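A.B. asks: Got a structure here, written out as structure tokens. Questions coming.
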Amino acid sequence: MSRLVFQQARTLMRKSPNATLNSRALFSTSLRSFQQQQQQQQQTEQDKKVTHFGFRDVAEDEKESLVHNVFANVASKYDVMNDAMSLGIHRIWKDEFIRSMAPGPGTKLLDVAGGTGDIGLRFLEYCKNIHHDNTATVKLVDINPHMLGEGEKRFQTTPYANSKFFLHVVYQKNYRFSGQL
């Protein structure tokens, strides 16, 4: 682009010996205009920040809804997918996580990004089997209501569905923890 501007200015200078001042003004103005266009283009590129989603680049402001849609679409198959991708080892990891946490009687668990509730249910099982505890509680928090819906379904099929153990499901996009479990 700047080469084209320079060539136009040189052509004008050759045509008229008195055009030197006009040519310099034209070149200077064209160069300034070109620089302003470049700055605007760079600013536009900076304003539209890009991030990765899978194997493609997407605008940052689009990513949240894309991630939401992925989890909404796979919620009912999420645990089966974990089994397939980890060859079932994720269950061992989660059991070990609860054992290493070693919750005592009356423990309150806040399971953030708890999804389908598998950690919460393992926690309740541990408290019941190890401590014969019926006072432990779980609050399951997740940004995706579809995942929480699967957690609620799962919980309703367990012995804890109608007992003092409970699974409290919270969905809010901008959830703020109050400090109280």
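The values are calculated or read from the model by the stated rules, or taken from the named source; none is laboratory data. The shown structure was predicted, so the numbers you read here are calculated from the model rather than taken from an experiment. Here the Cβ positions follow ideal geometry from the backbone for every residue, glycine too, while neighbour counts run over all protein chains shown. Each accessible area value is taken on the protein alone, full model and side chains, heavy atoms only, with ligands, DNA and RNA left out. Shrake-Rupley method; radii C 1.70, N 1.55, O 1.52, S 1.80 Å.
A.B. asks: Taking the range 111-134 as the region of interest, how many residues are buried (at least 16 other Cβ atoms within 10 Å of the Cβ) and among the aliphatic types (A, V, I, L, M)?
C.D. replies: 3
A.B. asks: Can you spot a residue in the range 115-129 that is part of a loop (DSSP other than H, G, I, E, B) and at negative phi?
C.D. replies: Yes - at least one qualifying residue is present in the range 115-129.
A.B. asks: Also, quick follow-up: With the checklist (1) open to solvent by less than 40 Å² (accessible area, probe 1.4 Å); (2) touching a residue at least 24 places away in the same chain (Cβ under 8 Å) in hand, flag the one item Pro105 doesn't pass.
C.D. replies: The number of the failed condition is (1).
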